[in-house]
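The next block holds one structure in the form of structure tokens; read it before the comments.
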Amino acid sequence: MFADQPRQVRDYGGWRRRRGIGLWGLGTAGTFAVLVAVGAVILAAAVNTALVLFVAPPVAVATGLGMARVGGESLGARAVRRVRWQLALARGHTKYRQTVVSELPGGLSLPGVLAPLALLSAEDGYGGRYGLVWDRRTGMLTVTLRVVPTSMWLADRAEADGWVANWGAWLASLGHLPMLRWVTVTVDTAPEPGSTLADSVNAAIDPAAPAAAREILGQLVEAAPAAAADADTRVSMTFDPRAAPVAPRDLTEAVAEVGRAMFGLESALGACGVIVAGRLDAGEIAGVVRTAFDPAARGEIARIAAHARSGAGGEPLGWADAGPVGAEEYPGHYRHDSGVSVTWAWPEAPRQNVASDVLARLIAPGHYPKRVSLQYRPFPAATAARVLENEVNAAAFRAHYRRRTGRDETARDAFDQARARQAAAEEAAGSGGCLISMFATVTGTSAEDLPRAAAWMEAAAESSKRRLRRVSYNAGAGSAAAATRATR
């Protein structure tokens, strides 16, 4: 008899930061800008040597700002972002106050980049209704699904690997849907406010029960908020109806086209380790946005949603109820109603291979409300091969440039070139390609509470092999991205 051999844990990788034909750490546009600037100096010297004294200094300053980097970002980009924020501050664009009277047809608007959004309601073809978020500026429509993920801690490792493989196949299939622009997976967690449990327990208590039993249940409900957590997982899909095989003539036809595309996506998503609980209706979408701006109202919003689903009466939330009463953007954080939020962005995927549970701690509930959103933007199947081949050619160009200039190849350059070839080979074998980004937001109750919440979030990201960069001088847009990225 042979002893059981420990099963090797499967890991995953293959991410790569997209790079064009750029030199000196710049992108394609930045490289050409530097070459044009140097050419301008040479041309000025050829025309008149005295012109170099006027042309060279500004060119040297602009080149230095574009090439010098701090934390992976050029000094020029940092300066532009700060100047734009100062201009917005001077014009009063960093503050929002809800007005009592609004002339907008959809009700009161949301602050910042969410202002063009409107809420629609449509029939799903089976007698039910679901909500869509319509971007009035771009015409895009977003549908949100509530899903219940299966715990990987209670599943067999082989079954979890199958879920990951099915998720990759599902993402690859998105390249054959021209209408689909991106998919966002959002995990929203917060300490349980206690109202949901209290409402369900109070409704189940028999008035004729012994006083001791009712007292014990009351004590359990009071202690529950310290040990319970509220978790909500959503998958949002954003469509561009203009990219449909037959472009819709009006908004009604566009909504119908999106509804038809959703049926196949929903059924295929069920094989990825989640249970699709259905599409969010208009009131639930408004509640999600309201909770992001007013986390203290989470219990009240959950109660309203439960009453609406059970048909117990009461008006569901509308789009006018979703926005904050007031919001103000600061250089490093965003203050809104009952919370103060900090947002991080994902500058680069982990270089090493990771296990399937790498994000477990980052998305796990904690002491503060937080949202983690992963966005996938699939390449169309017709252009994925071309995009990946361009990446391979760009990597080969940089290698040829290093040989011509006598520079040695670094370990990072060799790894990057291998990853580019690997991605192109996998696409040729039937895989898909997509752009991935991540946004994470943590919310505290006050500015004094924010440093502790931020430190806790950064520690969770570090344990998940993620290096997040704080969104500064654009905190309002960053918070909106983590909350409703799929709508934009």
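The values are calculated or read from the model by the stated rules, or taken from the named source; none is laboratory data. Treat the numbers as computed from the prediction; the structure is a model and nothing was measured. With ideal geometry, Cβ positions are generated from the backbone for all residues, glycine too; neighbour counts draw on all protein chains shown. Please note that ligands, DNA and RNA were not included when accessible areas were found on the heavy atoms of the full protein model with its side chains. Shrake-Rupley method; radii C 1.70, N 1.55, O 1.52, S 1.80 Å.
Residues in segment 142-162 that are assigned to a helix (DSSP H, G or I) and surrounded by fewer than 18 Cβ atoms within 10 Å (Cβ to Cβ): how many?
Residues that pass the stated criteria total 8.
Name the single residue, out of those in segment 137-170 being touching a strand residue (DSSP E or B) at 6+ places or on another chain (Cβ under 6 Å) and not polar (S, T, N, Q), that is farthest from residue 285 (Cα to Cα).
That would be 149.
Where residues in segment 447-482 are among the hydroxyl-bearing types (Ser, Thr, Tyr) and part of a loop (DSSP other than H, G, I, E, B), which of them is farthest from residue 88 (Cα to Cα)?
464
Within segment 412-444, how many residues turn out to be under 20 Å from residue 352 (Cα atoms), of a type in the set (D, E, K, R) and either open to solvent by 30 Å² or more (accessible area, probe 1.4 Å) or part of a strand (DSSP E or B) (or both)?
Within segment 412-444, residues that are under 20 Å from residue 352 (Cα atoms), of a type in the set (D, E, K, R) and either open to solvent by 30 Å² or more (accessible area, probe 1.4 Å) or part of a strand (DSSP E or B) (or both) number 4.
Could you look through segment 267-277, keep only residues that are in a helix (DSSP H, G or I) and touching a residue at least 60 places away in the same chain (Cβ under 8 Å), and pick out the one that is least open to solvent (accessible area, probe 1.4 Å)?
So the residue we want is 269.
Considering only residues that are more than 17 Å from residue 147 (Cα to Cα), in contact (Cβ under 8 Å) with a residue 40 or more places away in the chain, assigned to a helix (DSSP H, G or I) and not small (Gly, Ala, Ser), which ones fall in segment 278-309?
Result: 289, 291, 293, 295, 298, 300, 303.
I'd like to check something: does segment 345-354 contain any residue that is assigned to a loop (DSSP other than H, G, I, E, B), under 19 Å from the mean Cα position of the chain (by Cα) and either of a type in the set (Ser, Thr, Tyr) or farther than 22 Å from residue 479 by Cβ (or both)?
yes
Which of the residues that make up segment 380-406 are assigned to a loop (DSSP other than H, G, I, E, B) and either without any contact (Cβ under 8 Å) to a residue 40 or more places away in the chain or over 25 Å from residue 237 (Cβ atoms) (or both)?
Selection gives 406 alone.
If you take the residues of segment 240-266 that are over 13 Å from residue 179 (Cβ atoms) and part of a loop (DSSP other than H, G, I, E, B), which of them is least open to solvent (accessible area, probe 1.4 Å)?
250
Give the residues of segment 357-379 that are aliphatic (A, V, I, L, M) and assigned to a loop (DSSP other than H, G, I, E, B), sorted by residue number.
Matches in segment 357-379: 358, 359, 364.
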